[in-house]
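The values are calculated or read from the model by the stated rules, or taken from the named source; none is laboratory data. Values in this document were obtained by computation on a predicted structure and should not be read as measured data. Glycine gets a Cβ as well: all are built from the backbone with ideal geometry, and neighbour counts include every protein chain shown. The protein model used for the area step is the full one, side chains on, heavy atoms only, and it has no ligands, DNA or RNA in it. Shrake-Rupley method; radii C 1.70, N 1.55, O 1.52, S 1.80 Å.
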Amino acid sequence: MCGIVGYAGPRRVVPVILEGLRRLEYRGYDSAGVVYLQDGKLTKHRCQGKLSNLEAIIDEAILAPSHIGLGHTRWATHGAPTTENAHPHSDCSGDLVVVHNGIIENYHSLREELKARGHRFTSETDTEVLAHLIEENLQGDLVAAIRKSLDMVEGSYAIGVLWTGMPDTLIAARNQSPLVLGVGENQQGSFMASDIPALLPFTKDVIFLDDREFAVLTAGDCSVYSLVSGEKVEKNITTIVWNAAMAEKAGYKHFMLKEIFEQPQAITNTVSGRIDPESGQVDLPEIGLADHELNAIERIFLVACGTSWHAALVAKYWIEKYAGIPVEVDIASEFRYRTLLINEKVLTISISQSGETADTLAGIRLAKKLGGKVVTICNVVGSTMTREAHGTVYTHAGPEIGVASTKAFISQLAALFLLTLYLGQRRHVLSNEKSRELGRALIGIAEVVQDILPGLETRMSQLIDGFFSCRDFLFVGRGVNFPIALEGALKLKEISYIHAEGYAAGELKHGPIALIDKEMPVLALVPQDAVYQKVISNVEEIKARQGRLILIGTEGDGHLKTITDDVIYLPAVHEDLNPILYTIPAQLLAYAVAARRGCDVDQPRNLAKSVTVE
Ligand code: F6R
């Protein structure tokens, strides 16, 4: 988490940095800061809270004729979200500044040593240690001082450093936290940022720094070196296909709503070109596994966090049913703390929008170390997971800015269904007829989502009149839709701050049913599928205890109307694809409730989109 931006070039630096930070604010918004060099002196502005607070105080600095600087938006780890703890952090002289994303694990002992040597600290952050450590090691050669300092540091970092002694140069370095460099077109300078969207208004040509690499950035050059050997590393320039407009609101009130409406396109982009629309045969060469390796797989681990973990839970149903491979689903932060029976016959698949989530990344690293094959399903091109996995199946959702994952989730489901078909076909467990049926159903689902979206949005904004001020909410589902109950509850709690839980409908009577009374809203997913009658029985149990039911079910199912007035009907689709369809009303419910409550929908409190700390 935290977003960093740096620029050296002919443009005025402050607007470039603010523009970049605006696009990184999803990474954290506890405080923001900017520093620039002008007439040999560093000027720093920092502020608690969002970037808008910083913009309000920065005023004339926006016009400063400076062409080199750094910026930061923070998600607090060490030290409260105050102005003092906001980055950039300076050394004692004030001539050297550092911005940082990550955690310096041995900061405490380093800080004590540096204090004993007379360094004066002004914040509670781990980052400030870096500024003083570099100062301590600086004897005229900034690169040497940074390399020596980073060698003494344990933990994760993406840093930007600016020193008055080298007024034309920024130094960037990374270990376990993302950092991407931008190569300006037509001599428009050099950039660094935590993520691609910050660079899109300026350049599409990027270089991904790898762990233990550093870069020396000047207006006309962007060179990369090994932190270990100091030797130059030849890097490829990647041209990004996203454009800046994709990271704008395009007239929607919130990014989240825009991204919900982009879901049909996200599905189509993820699916098209990978599946034959007639036969349903899937081609996924990017998975990076030969047929004999695919056929040898005995077990699959799906590893992910949060919403991506919910996608994994859905995929377990699909893969076991259609590819016949046993699947275990793990929350990434738990995965590596148990005994993992992994060998070359075990495939570990990470699912991640960002490709940078620290726990998920650690999970795939461990799986690889244990000799297993690793594939990642990921949205961000060039992210760390995609570079470390044996193969990557990209979701093509485009940049997701709202902190709550929506279109990334839907495109993960689409990619996982594709992967299921691919595994089933390659292992000859899926018949041609079934492939055709499922493939066509997958291709068709984008249009169904497109059709239901406008009406559902209107219906939801009316329906929540009676629910938006509730204290608690339950979501229930069964079978392949149980994970969607979990996802609905997560969406609601994270953006509206209403306490919400998702349950397997059949599990209610083993405890949670005690919560139900006439105040308790319960949203139940009741499509007419194989477990329909079972869920209806569970719904009756809730009704008998006066729970306030909202039912989401299949068009034409008149029975639902006899249970409650609050019914939302969705078209009938292939029952295994219901998770994609039934997610949409759950997202729109969360959105409508949060917007009605006046919550900060795109940047909920305490959260950050990319969780790069463990
Ligand atoms: C919730 C949400 C998070 C992420 C989780 C994993 O709406 O967005 O739960 O799903 O932090 O992030 P990625 O997918 O980037 O690994």
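Observations on the structure shown:
- The convex hull drawn around the Cα atoms of segment 165-289, when projected onto a plane and averaged over every direction, covers 12.0 nm².
- Proximal aspartates and glutamates to Lys148, defined as alpha-carbon separation beneath 15 angstrom and excluding residues fewer than eight positions away on the same chain: Glu135, Glu136, Glu213, Glu231
- DSSP bridge orientation in the chain - percent antiparallel, rounded to nearest 5: 60 percent
- Segment 69-74 - phi-based ³J(HN,Hα) in whole Hz, Karplus 6.51/-1.76/1.60, Gly and Pro as x: x, 9, x, 8, 10, 10
- Counting only residues at least eight positions apart within a chain, or on another chain, the lysines with an alpha carbon under 21 Å from that of Lys369 are Lys345.
- Principal-axis tilt of helix 532-544 within the chain, Cα atoms, nearest 10 degrees: 80 degrees
- Rel. contact order, % - alpha carbon contacts under 8 angstrom, at least six apart, the chain: 12 percent
- The alpha carbon radius of gyration of the chain, expressed as a multiple of 2.2 N^0.38 Å, is 1.00.
- When Tyr252, Tyr503, Tyr7 are compared by accessible area at a 1.4 angstrom probe, the order from most to least is Tyr252, Tyr503, Tyr7.
- Around the Cα centre of segment 1-103, unit charges on the Cβ atoms of Lys, Arg, Asp and Glu (plus for the first two, minus for the last two) sum to a dipole of about 260 debye.
- Cross-link partners of Lys50 among aspartates and glutamates, defined as those whose alpha carbon lies under 14 angstrom from its own and excluding same-chain residues fewer than eight positions apart: Glu19, Glu25, Asp30, Asp600, Asp602.
- Per-residue ³J(HN,Hα) for segment 453-469, Karplus 6.51 cos²θ - 1.76 cosθ + 1.60, θ = phi - 60°, Hz, x for Gly and Pro: 4, x, x, 5, 4, 5, 4, 5, 5, 7, 4, 6, 3, x, 10, 5, 9
- The protection proxy used here, the mean number of other Cβ atoms lying within 10 Å of each residue, ranks peptides 49-59, 402-412, 302-312, 193-203 as follows, highest first: 402-412, 302-312, 193-203, 49-59.
- Cross-link table Lys204/Lys609; Lys235/Lys368; Lys407/Lys534; Lys258/Lys509, entries beyond 27 Å C-alpha to C-alpha: Lys407/Lys534; Lys258/Lys509
- Debye log10 I(q)/I(0) at q = 0.16, 0.17, 0.24 Å⁻¹ for segment 301-414, Cα point scatterers: -0.65, -0.74, -1.46
- Computed from backbone phi, the HN-Hα couplings of segment 152-168 come to 8, 9, 10, x, 10, 7, 10, 10, x, 10, 9, 9, 4, x, 10, x, 9 Hz, rounded to whole numbers (Karplus: 6.51 cos²θ - 1.76 cosθ + 1.60, θ = phi - 60°; Gly and Pro given as x).
- Student exercise, segment 3-245 dipole from Lys, Arg, Asp, Glu Cβ charges, in Debye to nearest 20: 360 debye
- Per residue, the convex hull volume that the Cα atoms of segment 255-451 enclose (Å³): 99 Å³
- Cα gyration tensor, segment 458-596 - rounded (a/c under 1.5), prolate or oblate: rounded
- Order of exposure, largest accessible area first, which applies to Thr360, Thr122, Thr82 with probe 1.4 Å: Thr122, Thr82, Thr360
- Placing a label point 7 Å from the Cα of Glu320 along the Cα-to-Cβ direction, the residues of segment 505-522 with a backbone N closer than 16 Å are 505-507.
- Taking trypsin sites (Lys or Arg not before Pro) across segment 477-561, the ones in a DSSP loop with at most 14 further Cβ atoms lying within 10 angstrom of their Cβ are Lys518.
- Convex hull of segment 3-245 built on C-alpha atoms - directionally averaged projected area, nm²: 11.7 nm²
- Each label was represented as a point 7 Å from its Cα along the Cα-to-Cβ direction; for Thr239 and Glu84 these points are 5.1 nm apart.
- Charged-residue dipole, Cβ positions (Lys, Arg, Asp, Glu), the chain about Cα centre, Debye nearest 20: 540 debye
- Cα lying deepest toward the dipole's positive end in the chain, options Cys2, Phe475, Gly391, charges on Cβ: Phe475
- Segment 363-440 and segment 188-259: distance between their alpha carbon centers, rounded to Å: 24 Å
- Segment 493-553: GluC sites (Glu not before Pro) falling in loop per DSSP and having at most 15 other Cβ within 10 Å: Glu519
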